[in-house]
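One structure is given below, represented as structure tokens, and several questions about it will come after.
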Amino acid sequence: MAWSIEHSAGFEDDLRLLRKRFRKVAEDIHDEFKNGPPNGWAIPGFKELLWKARIPSTDLQKGKSHGFRVIYYWDKESPNSCCLGACYFKGDTEDLPIAQVRELFVKVKAVVDRLKAELEKKKKAAEEKPAEDKDPGL
């Protein structure tokens, strides 16, 4: 199964703000996530569902420790997809406040749950369709 990356509305807002100062931020993040989740670490208290990764900045020509941070939802039970929830420049913010991380988790989990429900609906429709196409006269 192919690797898929979803974006939350909050991530898109963060990216839009960062793009004003860092032209290549979207490409930097995409490059790190294109083949699967990057080497990140689970954020404590979220049952290894919310992760944080360090992303280098090609605009600044600095490594991961001085680049961007991306918080994303990734479930090891369904390892072929993730949902990017927030991104920020480490020079602006060391860490997000825990209240903001909790709020982010709720929003990203809602996106993931919606996508799972849509996928299940498509699977059911695909399973039911061949039965409808059969000719009852045969």
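The values are calculated or read from the model by the stated rules, or taken from the named source; none is laboratory data. A quick note: this is a predicted structure, and the numbers were derived from the prediction, not measured. Every residue, glycine as well, gets a Cβ built from its backbone with ideal geometry; the counts of neighbours run over all protein chains shown.
Kindly list the number of the only condition in (1) at pLDDT 95 or above; (2) surrounded by fewer than 14 Cβ atoms within 10 Å (Cβ to Cβ) that fails for HIS30.
Exception for HIS30: condition (1).
Yes/no matrix, rows are residues, columns are (1) among the hydrophobic types (A, V, I, L, M, F, W, C); (2) buried (at least 16 other Cβ atoms within 10 Å of the Cβ):
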position: PRO56; (1), (2): no, yes
position: LYS62; (1), (2): no, no
position: LEU84; (1), (2): yes, yes
position: LYS90; (1), (2): no, yes
position: THR93; (1), (2): no, no
position: LYS107; (1), (2): no, yes
position: ALA126; (1), (2): yes, no
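Checking VAL70 against (1) closer than 26 Å to ALA110 by Cβ; (2) at pLDDT 95 or above; (3) exposed (fewer than 14 other Cβ atoms within 10 Å of the Cβ), which test does it fail?
The number of the failed condition is (3).
Would you please list the contacts, defined by Cβ atoms under 6 Å and residues six or more apart or on different chains, that run from a residue in the stretch 59-73 that is touching a residue at least 60 places away in the same chain (Cβ under 8 Å) to a residue that is outside any strand (DSSP E or B) and surrounded by 23 or more Cβ atoms within 10 Å (Cβ to Cβ)?
That search, which allows pairs on different chains as well, returns nothing.
Can you run down the residue pairs with Cβ atoms below 8 Å, 6 or more apart or on separate chains, where the first is in the stretch 102-115 and in a helix (DSSP H, G or I) and the partner is among the β-branched types (Val, Ile, Thr)?
Within 8 Å, the pairs are LEU104/ILE71.
If you take the residues in the stretch 8-21 that are of a type outside the set (Asp, Glu) and buried (at least 18 other Cβ atoms within 10 Å of the Cβ), which one is farthest from LYS107 (Cα to Cα)?
LEU18
For the structure I just gave you, tell me whether GLU48 is of a type in the set (Asp, Glu), under 20 Å from ASP113 (Cα atoms) and without any contact (Cβ under 8 Å) to a residue 40 or more places away in the chain.
Against the criterion (of a type in the set (Asp, Glu), under 20 Å from ASP113 (Cα atoms) and without any contact (Cβ under 8 Å) to a residue 40 or more places away in the chain), GLU48 qualifies.
If I ask for residues that are of a type in the set (A, V, I, L, M, F, W, C), in contact with a strand residue (DSSP E or B) (Cβ under 9 Å, 6 or more places away or on another chain) and more than 20 Å from GLU103 (Cα to Cα), which ones from the stretch 3-30 would you list?
Hits for the stretch 3-30 are TRP3, ILE5, LEU18, PHE22, VAL25, ILE29.
Tell me yes or no: at least one residue of the stretch 89-104 is among the hydroxyl-bearing types (Ser, Thr, Tyr) and in contact with a strand residue (DSSP E or B) (Cβ under 6 Å, 6 or more places away or on another chain).
no
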